1. Suppose the filter is touching a Leu at 6+ places or on another chain (Cβ under 7 Å), modelled with pLDDT under 90 and in a loop (DSSP other than H, G, I, E, B); does ARG21 pass it?
2. How about the range 133-206: which strands (runs of 3 or more DSSP E) wholly inside it have at least 2 residues that are surrounded by 15 or more Cβ atoms within 10 Å (Cβ to Cβ)?
3. Considering the range 70-102 alone, what residues qualify as being small (Gly, Ala, Ser) and either in contact with a Leu (Cβ under 7 Å, 6 or more places away or on another chain) or closer than 16 Å to GLN32 by Cβ (or both)?
4. Show the residue pairs meeting these rules: Cβ distance below 9 Å; 6+ apart or different chains; first residue within the range 67-93 and within 15 Å of THR54 (Cβ to Cβ); second residue buried (at least 17 other Cβ atoms within 10 Å of the Cβ) and among the small types (Gly, Ala, Ser).
5. Among residues belonging to the range 135-147 that are within 19 Å of VAL238 (Cβ to Cβ) and not aliphatic (A, V, I, L, M), point out the one that is farthest from the chain's Cα centre (by Cα).
6. Could you grab me the full set of residues in the range 42-68 that are part of a helix (DSSP H, G or I) and under 19 Å from MET16 (Cβ atoms)?
Amino acid sequence: MARSRLKLTHAQAEFMTRHQRSRSAKTLQNYQSCFNVFNDTIREGDMWLDNVTTNHVDVFLDKYEHAPSANIQLGRLNVFFEWCVKRQHLKRNPCAPVDRRPETTQGARVKHRIPQTEWGRVLDAAESYHPLDRVVIACGMYLGSRGSELRKIRLSDIERGDDGVIERVRVTRGKQHWETVIPVCPELGEELDKWFAWYEGKHPSLGGNAYLLPPRRQYRQVKDGRGRFGHNDRDVDVNPYREMSSAAHDRIIKRALKDTGYYQRGEGSHTLRRSVAAALYEEDIERGYSEALDTVRTFLGHKQTSTTEGYIGTSYSERKLEERLVRKHMFRANRVKADPNVVPIRKEGIG
């Protein structure tokens with residue numbers, strides 16, 4: 001079967017059309033952006049698809065200063081040209097001979113983990129704006145869940161004991177879409193009781209479908225003769241039956257981190273998640289590395305312990321290995337030989 005000759009832009013349009021159902025809107029948007037930059041870079045008009053060469057790809061990748069960005073774009077082009085080859089629009093993939101740019105972690109941004117001793121200061125900084133801000137930080141610290149998971153918790157998901165003490169919270173894991181129950185420690189229980197005192201004071205007849213972390217209501221205010229909406233006043237009410245937006249949730253956390261000196265670009269709800277992971281791990285490490293790691297993994301809802309190790313931010317196993325081997329013999333028999341004061345025990349056979 002002879003190859004059908006296509007213009008580059010026509011092939012890109014066909015690729016986007018055929019993948020509308022199998023790929024998300026955000027993914028398709030990223031591919032279209034990649035195609036637009038690629039077409040602008042080669043500057044050869046509406047060229048034929050089979051005229052695209054490896055040199056065109058190299059020129060396109062040179063536009064990206066950082067290796068990770070270049071490699072991401074190379075991956076998208078590679079998927080597109082491989083698809084063209086399978087559809088017999090191309091004989092060979094021009095991306096195939098192109099090597100990925102070498103990536104380095106030198107100078108990489110260090111992600112913050114707030115020490116447990118500093119949590120009180122972060123909570124107080126958040127409370128200075130609104131009681132809602134404090135409970136948002138408290139839930140992030142003591143539940144260790146993702147922001148998208150915390151925002152979906154309703155009052156019916158909170159379980160109390162016979163004496164009225166909050167004991168558990170049901171959370172739906174966002175990535176795995178499965179429901180789990182997280183135990184509530186007394187520290188979080190006290191924070192939730194304080195929040196409910198304010199929350200129920202504003203709304204005495206809250207239903208079970210009300211959100212635990214509702215958004216603040218906006219109010220009209222006039223400044224310099226111009227009206228605008230605001231929602232940062234401490235006395236502003238909340239909307240119990242509306243889910244808080246991701247932007248509002250991140251804004252609360254980032255503001256508290258900035259006020260306490262823990263903010264840098266990219267920090268947010270996962271800063272609290274990493275902080276509780278590291279604090280819980282350090283608290284339980286005396287029980288053993290594997291047991292402490294498994295506890296944190298279960299608490300965070302991870303499937304792989306390697307993911308949990310990244311959150312903890314420790315190379316504990318590497319340090320233990322170094323302590324085990326540096327200037328020490330690997331095997332017991334060699335250690336015995338090296339110590340003249342130790343007499344090896346010889347096991348006699350039975351028979």
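The values are calculated or read from the model by the stated rules, or taken from the named source; none is laboratory data. Owing to the predicted nature of the structure, the values given are computational and were not obtained by experimental measurement. Note: ideal-geometry Cβ built from the backbone for every residue, glycine included; neighbour counts use all protein chains shown.
1. In short, no.
2. 166-172, 179-183
3. Correct list: ALA70, GLY75.
4. Partner pairs satisfying both residue conditions: PHE80/ALA11; CYS84/ALA11; LEU90/ALA11.
5. CYS139
6. Within the range 42-68, ILE42, LEU49, PHE60 qualify.
Matching residues to (1) aliphatic (A, V, I, L, M); (2) at pLDDT 90 or above; (3) assigned by TED's automatic domain parsing to the domain that holds VAL135; (4) over 31 Å from the mean Cα position of the chain (by Cα):
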site	(1), (2), (3), (4)
VAL52	yes, yes, no, yes
ASN55	no, yes, no, yes
TYR64	no, no, no, no
ARG101	no, no, no, no
THR105	no, no, no, no
GLU118	no, yes, yes, no
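Condition check ((1) among the polar types (S, T, N, Q); (2) modelled with pLDDT of 70 or more) across all residues:
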residue: LEU213; (1), (2): no, yes
residue: ARG220; (1), (2): no, no
residue: ASN232; (1), (2): yes, no
residue: GLU243; (1), (2): no, yes
